[in-house]
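Single-structure report; data block below.
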Amino acid sequence: MKCHRWVRSPHAVRNIRYNIRMKTCNKCNESKSEDLFAMKGGKPRGVCKECHSAYQKAYYADPENGRRHRARVAKNNARLRYESYGLTVEEAVEFRKRNSGLCELCNRKVATCIDHDHSSGRARGHLCSGCNTALGLLGDSIEGLEVALRYLKNPPASSN
């Protein structure tokens, strides 16, 4: 016999036919409905949502675990960012050391942005956020820089 259940969603109320499937939590050893387990890879995890949440709260309550986790995430994000510009980790270290970590345009601020060619996707250099934004606003083109240079050399207000 099939069971029927009315489920209220934000969009509509609909009738869902389902078979109740139970699963035992590996942590609390209670038999619970599968919808009380977090999904991973399309299958329910071995630990129920309640036990998993309690574990995470206890784990991240320790400042050392939180620090290690944030460091690992930052390292992975940096690696993925460099890989997206076609750089290996070794090339990225050399790239960063090239100008002692300073912006390659203004040489004043710490470089935090990877400037790249939008047509090829290859990295060009490390820039501070101000210089990177300026290049982007000028269209990442020599023509845009030349127009800005002409403007600075001969501003319209000075010709009056």
Which condition number in (1) modelled with pLDDT under 80; (2) touching a helix residue (DSSP H, G or I) at 6+ places or on another chain (Cβ under 9 Å); (3) more than 30 Å from residue 112 (Cβ to Cβ) is the one that residue 15 fails?
(2)
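Within the range 60-72, is even one residue of a type in the set (Ser, Thr, Tyr) and either within 30 Å of residue 29 (Cα to Cα) or touching an Asp or Glu at 6+ places or on another chain (Cβ under 7 Å) (or both)? Don't jump to the end; show me each part of the working.
From the range 60-72, those of a type in the set (Ser, Thr, Tyr) are 60; that's our starting set.
In the following step, the residues that additionally are either within 30 Å of residue 29 (Cα to Cα) or touching an Asp or Glu at 6+ places or on another chain (Cβ under 7 Å) (or both) were identified as 60.
Yes, that holds for at least one residue.
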Mind checking which residues of the range 111-144 are modelled with pLDDT under 85 and of a type in the set (A, V, I, L, M)?
111, 114, 123
Near pairs, Cβ below 6 angstrom, 6+ apart or cross-chain, from the range 145-156 (on the phi > 0 side of the Ramachandran plot and outside the structural domain of residue 131 (by TED's automatic domain parsing)) to any residue that is at pLDDT 90 or above and assigned to a helix (DSSP H, G or I)
none
Residue pairs, Cβ under 9 Å, 6 or more apart or interchain, first in the range 95-118 and in the same structural domain as residue 133 (by TED's automatic domain parsing) and over 19 Å from residue 80 (Cβ atoms), second in a helix (DSSP H, G or I) and not small (Gly, Ala, Ser). List them.
103/131; 103/132; 104/131; 105/131; 105/132; 105/135; 106/131; 109/131
Any residue in the range 34-53 that is more than 10 Å from residue 23 (Cα to Cα) and at pLDDT 90 or above sitting within a Cβ distance under 7 Å of a residue that is surrounded by 15 or more Cβ atoms within 10 Å (Cβ to Cβ) and of a type in the set (D, E, K, R)? List the pairs, counting only those 6 or more apart or interchain.
52/45
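Yes/no per residue for (1) surrounded by fewer than 10 Cβ atoms within 10 Å (Cβ to Cβ); (2) over 33 Å from the mean Cα position of the chain (by Cα):
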position: 119; (1), (2): yes, no
position: 122; (1), (2): no, no
position: 127; (1), (2): no, no
position: 134; (1), (2): no, no
position: 138; (1), (2): no, no
position: 146; (1), (2): no, yes
position: 149; (1), (2): no, yes
position: 155; (1), (2): yes, yes
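Which residue, of 113, 103, is surrounded by 13 or more Cβ atoms within 10 Å (Cβ to Cβ) and in contact with a Gly (Cβ under 9 Å, 6 or more places away or on another chain)?
On the way: 113 fails: in contact with a Gly (Cβ under 9 Å, 6 or more places away or on another chain).
After applying the criteria, what remains is 103.
The values are calculated or read from the model by the stated rules, or taken from the named source; none is laboratory data. Since the structure is predicted, the reported quantities are computational estimates derived from the model, not experimental observations. Methodologically, a virtual Cβ is constructed for each residue, glycine included, from the backbone with ideal geometry; neighbour enumeration extends over all protein chains shown.
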